[in-house]
């Protein structure tokens, strides 16, 4: 009788990690992600674009592209990545393990795309940049996108931006297509925050998640970088400057699909230190079986509460101006002049009042 060649479960991680049976993606999805997705679906022309893209980019064509020109991860090819993927799906309780491909590209990147079923793709540049625990967070990030059903909308954005020449075939005016792309980018940026949270739930190593983001910003020079100093950059970015800087931040962000890496790192650290994250780790989280009963109103309420808290706690001058306006503060013109010049208060400099003799501290 032939002896068995190995255990029934060969894909065993290096250490035991907490698993989340029946977890709903609502457990880790960022409130801004859900609200941006609702706004995206309401954009005029979005459904037309969705149907048109579905006709132009058949699911089979997408899968054949990766099957023919990338390496499919399996027990025989990149087995360490396959172990990570199986473990990530087990931790998040994703019933079907999505195909994972490695594609030759020096640019560090990963994505979860697909119209009918999700497909995960990682580049050789990302594999060479990240160590094992950092890569585990990256795989968990994309697995989270798969569980959240993000692949469809990410595929549409990829198609519209990378294959812009075909947009002329879509029976919509350029303005309508631009509006859809802008809304998609806004949602995409917010969905990355959800993916980062999923990556942390899978890797369960905050420092590894933060290092991966720092490496995306500064490359493979870990011995010359420091996570704490990187997070200090985020604080400086979020709080520094006057209203002009706030406007420039918005302009710099609009053409991007991903949030800035320092902002992502700071946002993830805040969540990891929150009560919500600890409750998940303790086994208290929304279940998929309850998704059908989830209240849309509660989701909107949570999103609105998140934005209100963000405005209230933000040190950004633009958010400070919004707080002033919402509280009914007068002399809008004076406040605008002060914010743009970096000079605080409603009074003109030289009046002798405290608020007009120094920089704004809001």
- Candidate set from segment 139-152 (those that are in a helix (DSSP H, G or I) and in contact with a helix residue (DSSP H, G or I) (Cβ under 6 Å, 6 or more places away or on another chain)); member that is surrounded by the fewest Cβ atoms within 10 Å (Cβ to Cβ): 148
- Item | Complete set of residues in segment 159-183 that are under 24 Å from the mean Cα position of the chain (by Cα) and at pLDDT below 75 | 161, 162, 163, 164, 177, 178
- Message: Among (1) modelled with pLDDT of 85 or more; (2) crowded, with 21+ Cβ neighbours inside 10 Å, there is one condition residue 156 misses while meeting the rest; what is its number?
- Response: (1)
- Item | Verdict on residue 155 being over 19 Å from residue 268 (Cβ atoms), in a helix (DSSP H, G or I) and assigned by TED's automatic domain parsing to the domain that holds residue 178 | yes
- Could you list all residues from segment 51-100 that are part of a helix (DSSP H, G or I), modelled with pLDDT under 75 and surrounded by 13 or more Cβ atoms within 10 Å (Cβ to Cβ)? 52, 53, 54, 56, 59, 62
- May I ask you to list pairs of residues, at least six apart or on different chains, whose Cβ atoms are under 9 Å apart, with the first in segment 138-150 being on the phi > 0 side of the Ramachandran plot and the second being surrounded by fewer than 24 Cβ atoms within 10 Å (Cβ to Cβ) and assigned to a helix (DSSP H, G or I)? 149/25
- Message: Can you pull out every residue in segment 250-274 that is more than 20 Å from residue 214 (Cβ to Cβ) and either modelled with pLDDT under 80 or crowded, with 16+ Cβ neighbours inside 10 Å (or both)?
- Response: 250, 251, 254, 255
- Number of positions in segment 76-109 that are touching a helix residue (DSSP H, G or I) at 6+ places or on another chain (Cβ under 9 Å) and closer than 23 Å to residue 280 by Cβ: 13
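The values are calculated or read from the model by the stated rules, or taken from the named source; none is laboratory data. Being a predicted model, the structure only gives us computed values, none of them experimental. Methodologically, a virtual Cβ is constructed for each residue, glycine included, from the backbone with ideal geometry; neighbour enumeration extends over all protein chains shown.
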